[in-house]
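J.: Shown below is the structure under consideration.
The values are calculated or read from the model by the stated rules, or taken from the named source; none is laboratory data. Computed from a prediction, not measured in an experiment: that's the story for all the values here. So basically every Cβ, Gly included, is an ideal-geometry build from the backbone, and we count neighbours across all protein chains shown. These area figures cover heavy atoms from the full protein model, side chains too; ligands, DNA and RNA do not enter into them. Shrake-Rupley method; radii C 1.70, N 1.55, O 1.52, S 1.80 Å.
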Amino acid sequence: MQQDNDPKHTICSTKEWLKKNKVNVLEWPSQSPDLNPIEMLWKDLKQAVNVRKPTNIPELKLFCMEEWAQIPPSRCAGMIKSYRKCLVTVIAVKGGHTRY
């Protein structure tokens, strides 16, 4: 498993659960660039749902499901296609700030 060292992932209870359940956690530097393409989709989803201004949990769930279903496969394909460029850029700036 890889995680981003967010404090909620590194508290004792989480570490104990992972150890108890024999989950192998990769060592990962804190505040490292998040290179997972799904993060861009989460951003898209959050923006689309926020525009609709849900007023309760059932509405939020419904809007999330509807907006997720509207993400075109071409959006996913484009992110994967540009992934190599993203990695090259992050390596070039030694993990520093990028537009990704």
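J.: List the relative contact order of the range 2-99 as a percent without decimals, with contacts defined as Cα pairs under 8 Å and 6+ residues apart.
T.: Values: 48 pairs, mean separation 24.8, N = 98.
Computed value for the range 2-99: 25 percent relative contact order.
J.: Rounded, prolate or oblate: which one fits the chain, using the alpha carbon gyration tensor with axes a ≥ b ≥ c (rounded when a/c is under 1.5, else prolate when a/b beats b/c, else oblate)? Don't skip to the answer; put the middle values down first.
T.: On the way: a/c = 2.23, a/b = 1.18, b/c = 1.88.
Note, shape of the chain comes out oblate.
J.: Fully extended, how many nm does the chain gain between MET1 and GLU39 (0.36 nm per residue separation, minus their Cα-Cα distance)? Write out the running numbers ahead of the final one.
T.: Working: separation 38, 0.36 × 38 = 13.68 nm, distance 1.66 nm.
Between MET1 and GLU39, full extension yields 12.0 nm more.
J.: Structure shown: which of LYS15/LYS81; LYS22/LYS81; LYS15/LYS53; LYS8/LYS85; LYS43/LYS85; LYS22/LYS43 lie over 29 Å apart, alpha-carbon to alpha-carbon?
T.: Working: LYS15/LYS81 35 Å; LYS22/LYS81 34 Å; LYS15/LYS53 36 Å; LYS8/LYS85 31 Å; LYS43/LYS85 20 Å; LYS22/LYS43 32 Å.
Cα-Cα > 29 Å for LYS15/LYS81; LYS22/LYS81; LYS15/LYS53; LYS8/LYS85; LYS22/LYS43; rest within.
J.: Could you give each residue of the range 40-52 its phi-based ³J(HN,Hα) in whole Hz, using Karplus coefficients 6.51, -1.76, 1.60 with θ = phi - 60°, and x for Gly or Pro?
T.: 5, 5, 4, 4, 4, 4, 4, 5, 5, 5, 4, 4, 7
J.: Let's see if you can work this out: charge +1 on each Lys and Arg Cβ, -1 on each Asp and Glu Cβ, no other charges. What is the dipole magnitude of the chain about its Cα centre, in debye to the nearest 20?
T.: Values: 16 positive and 10 negative charges, 37 e Å.
That gives the chain a dipole magnitude of about 180 debye.
J.: Using r as the Cβ-Cβ distance of ILE57 and GLU16, and R0 as 41 Å, what FRET efficiency do you calculate, to the nearest 0.05?
T.: Numbers: r = 30 Å, r/R0 = 0.73.
Plugging the Cβ-Cβ distance into 1/(1 + (r/R0)^6) gives 0.85.
J.: Moving to a separate point now. Would you kindly find the accessible area of VAL88, with a 1.4 Å probe and non-protein molecules such as ligands, DNA and RNA excluded, rounding to the nearest 10 Å²?
T.: Roughly 70 Å² of VAL88 is accessible to a 1.4 Å probe.
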